[in-house]
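Below is one structure; the comments refer to it alone.
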Amino acid sequence: MAEGFVLRLRGREVPLGPRPWVQGILNVTPDSFSDGGRFLDPAAAVARGRAMAEEGADLLDVGGESTRPGSAPVPEAEERARVIPVIRALARDVAVPISVDTSKASVAAAALEAGAAMVNDVTALRGDPAMAGVLARAGGALVLMHMQGEPRTMQAAPRYGEVVAEVAAFLRERVEAAVAAGIAREQLLVDPGIGFGKTLEHNLEILRRLGELRSIGRPILVGPSRKSFLGALLDLPVGERLEGTLAAVAACVLRGALVVRVHDVRAAARAVRVAAALRSDGVL
Ligand code: HH2
């Protein structure tokens, strides 16, 4: 099961895998589903970013627009004002690479300029026609995520014939579209988009069969943290989903995920180390 990738992070080539990475979530938003409003103040956001790096994050993902079900788009100037000062400060202060969670090319370009090394585009290059050019020129890593519909309406009535096959076909197609647009394959990661236009059963089926996405040939990132499928399984509110998150994180690592996107970095980093040691290739 041993596998490794080289990830191109803006001029740097960084090995990824077989040891999985923990990506710490930093939402500089008033309305994110689990931590909205806590880190809207730039100083609080930078302090949280530093703390997550100390807790064992391998990567930080800074976002200025919530994509929770029902959320509305944020104007570009507002999103930029939220994330750029935080990214600039963290790029200077912490050793781990910084990712920007945005679907807007202008925000991605400003973030890369401010020191970010990765772009997390939940639209997988379908949201802004200028996004591919930004990544082709700047050379940062890019996460391509699956979503059915758009955040405002995606949970209304998600439908699939065969969810895992459809998600895999979509991600394969998006990888090829990115490469055709001039982005190097080594820049790309793929993400099945837990909770993005998916019912409880769809999310569970994807997590059960996550290993099938390895045939795409790019590192898999998964974001199960505190999400509503855990709330549905456990009948618990968002603030009480840590144990559920850790169980999901361990399952993802055992099935080959190389990056897990989480809010609770210290706990997840411990769970990842144990799960990685228990994989068939025993990553210590
Ligand atoms: N999930 C969220 C946001 N961005 N990006 C990727 N690649 N994968 C995910 O699963 C993913 C994501 C939603 O979580 P969060 O950032 O905590 O909430 P919000 O969108 O409300 O800010």
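The values are calculated or read from the model by the stated rules, or taken from the named source; none is laboratory data. If you're wondering where the values come from, they're calculated on a predicted model, not measured in any experiment. Note that we place each Cβ from the backbone using ideal geometry, even for glycine, and neighbour counts take in every protein chain shown. Heavy atoms of the whole protein, side chains included, go into the accessibility calculation; ligands, DNA and RNA do not. Shrake-Rupley method; radii C 1.70, N 1.55, O 1.52, S 1.80 Å.
Observations, loosely collected:
- Label point of GLU78 set 7 angstrom out along Cα-Cβ; within the range 1-30, amide nitrogens under 15 Å from it belong to 28-30.
- For the range 133-267: rounded, prolate or oblate by the Cα gyration tensor [a/c cutoff 1.5]: prolate
- Computed extension length for ARG270-LEU234: 10.8 nm, one decimal, from 0.36 nm per residue of separation with the Cα-Cα distance subtracted.
- Each Lys and Arg contributes +1 and each Asp and Glu -1, all at the Cβ; summed about the Cα centre of the chain, the dipole is approximately 400 debye.
- Expressed to the nearest 5 percent, the antiparallel share of DSSP beta bridges inside the chain is 15 percent.
- Loop-located trypsin sites (Lys or Arg not before Pro) in the range 1-71 (DSSP state not H, G, I, E or B) with no more than 12 neighbouring Cβ atoms inside 10 Å do not occur.
- In the range 133-215, GluC sites (Glu not before Pro) in a DSSP loop with at most 13 other beta-carbon atoms within 10 Å: GLU162
- With the charge dipole of the range 11-54 set up from +1 on Lys and Arg Cβ and -1 on Asp and Glu Cβ about the Cα centre, the Cα lying farthest toward the positive end among the listed residues PRO42, GLY11, GLN23 is that of GLY11.
- Extension gain, ALA251 back to ARG12 (0.36 nm per residue minus Cα-Cα distance, nm): 83.0 nm
- Near the amide H of LEU142, within less than 5 Å, lie the amide hydrogens of VAL119, LEU188, LEU189, all on another chain or at least 5 residues away, with H placed in the peptide plane.
- Site pair ASP281 and ALA169 shows an inter-label distance of 2.9 nm when each label is modelled 7 Å from Cα along Cα→Cβ.
- Carbon plus sulfur fraction of accessible area for the range 24-278, probe 1.4 Å, in percent: 53
- Take the range 96-173 with all the other protein chains still there, run a 1.4 Å probe, and you get 36 Å² of accessible area per residue.
- Low-density loop positions, trypsin sites (Lys or Arg not before Pro), the range 185-284 - DSSP coil, at most 16 other Cβ in 10 Å: ARG209, ARG279
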